[in-house]
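Peer 1: This structure is in structure tokens; I'll ask about it shortly.
The values are calculated or read from the model by the stated rules, or taken from the named source; none is laboratory data. Because the structure is predicted, anything quoted here is derived from the model rather than measured. Ideal geometry is used to build each Cβ from the backbone, glycine not excepted, and the neighbour counts take in all protein chains shown. Each accessible area value is taken on the protein alone, full model and side chains, heavy atoms only, with ligands, DNA and RNA left out. Shrake-Rupley method; radii C 1.70, N 1.55, O 1.52, S 1.80 Å.
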Amino acid sequence: MTADPGEGPHVRQLLGAYVLDALTSGETHRVCHHLRECDGCTADYVEIAEAAALLGLVSEADLLGE
């Protein structure tokens with residue numbers, strides 16, 4: 001893995017859909033390939049994946065403030 005140079009086509013805008021398995025196969029391949037090479041997008045992916053995992057812990061009562 002290399003450092004994110006801050007240039008070129010990054011995949012940050014696709015990461016939420018990637019975590020939720022909502023991309024086309026071509027988009028999934030693009031994101032997978034990019035994450036192997038870009039530390040910045042990989043760090044963003046980890047944060048989004050952790051946040052998505054936490055959503056499963058929220059109950060309806062939590063959302064309603066009960």
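Peer 1: Taking all protein chains as present, what is the carbon and sulfur share of the accessible area of the chain, in % to the nearest whole number, probe 1.4 Å?
Peer 2: Summing carbon and sulfur atoms, their accessible area is 58 percent of the total for the chain.
Peer 1: About the Cα centre, and with charges only on the beta carbon of Lys, Arg (+1) and Asp, Glu (-1), how big is the dipole of the chain? Nearest 20 debye, please.
Peer 2: With Lys and Arg at +1 and Asp and Glu at -1, about 300 debye.
Peer 1: Which cross-chain or sequence-distant (5 or more) residues have an amide H under 5 Å from the amide H of residue 38, H modelled 1.01 Å from N in plane?
Peer 2: The answer is 2.
Peer 1: Next question, about the same structure. Which three lengths, in whole Å and largest first, does the chain cover when its Cα atoms are put on their principal axes?
Peer 2: 46, 25, 15
Peer 1: By how many degrees, 0 to 90 and rounded to 10, does the Cα axis of helix 25-37 deviate from the longest principal axis of the chain?
Peer 2: 70 degrees
Peer 1: Taking Cα pairs under 8 Å and at least six residues apart, what relative contact order does the chain come out at, in percent?
Peer 2: Answer for the chain is 41 percent.
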